[in-house]
Amino acid sequence: MPVSLHHIVIDAHDLSGLARFWAEALGWRILSEREREVVIGADQTAPVGICFMPVSDRKAVKNRLHLDLTAPAEEREAEIERLLALGARRADVGQSGDESWTVLADPEGNEFCVVRPKTDLVQ
C-alpha cells in the first residue's frame with residue numbers, strides 16, 4: 001500500500017492566529033493545540049489536516065507550494081470577500097489578469113488561490 005497524505009505543514013509566527021484563520025476559512029476546527037504545533041481538520045477522523053509549526057524567519061519569496069480553494073461558481077466572489085474579511089489580502093505573483101483564479105495571501109503572506117470548481121474545468 002502506498003503512503004498517504006497526513007498533514008500539510010505551514011510554518012507560522014502566530015500558530016494559533018494562523019490556525020484560526022485557516023480553520024474559519026475552510027469551515028474546519030482546531031483539533032490539537034500545543035506550544036509548538038497546532039493542527040486543524042474537518043474532524044478527528046479526516047484523512048488530511050493542516051499542521052502549523054513555529055518558524056523564526058520571515059517569509060521572503062513566493063511559496064513553492066500553495067493551496068487551491070474552490071467554491072460554487074455563483075458563490076465564488078462572496079467567498080473571496082469573506083476570506084478578505086477574515087484577514088486575507090489580494091496578492092500579485094505575476095498574474096496577467098486573465099486568469100480564472102484569484103490569488104490571495106493569508107495573514108502571514110502565504111499565497112493561495114480561489115479557483116473555479118472542477119466541474120467548470122470540462123467546459
For the condition in contact with a strand residue (DSSP E or B) (Cβ under 8 Å, 6 or more places away or on another chain), hydrophobic (A, V, I, L, M, F, W, C) and loosely packed, with under 15 Cβ neighbours inside 10 Å, what is the one hit in V55, V61? V55
Return the only residue of A78, A73, A60 being outside the structural domain of A12 (by TED's automatic domain parsing) and touching a Pro at 6+ places or on another chain (Cβ under 7 Å). A73
Checking D68 against (1) crowded, with 18+ Cβ neighbours inside 10 Å; (2) in contact with a Cys (Cβ under 9 Å, 6 or more places away or on another chain); (3) not aromatic (F, W, Y), which single condition isn't satisfied? (1)
Flag if E35 is of a type in the set (D, E) and in the same structural domain as S4 (by TED's automatic domain parsing): yes
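The values are calculated or read from the model by the stated rules, or taken from the named source; none is laboratory data. Fair warning: this is a prediction, and the values are worked out from it, not measured in the lab. Virtual Cβ from ideal backbone geometry, glycine too; neighbours counted across all protein chains shown.
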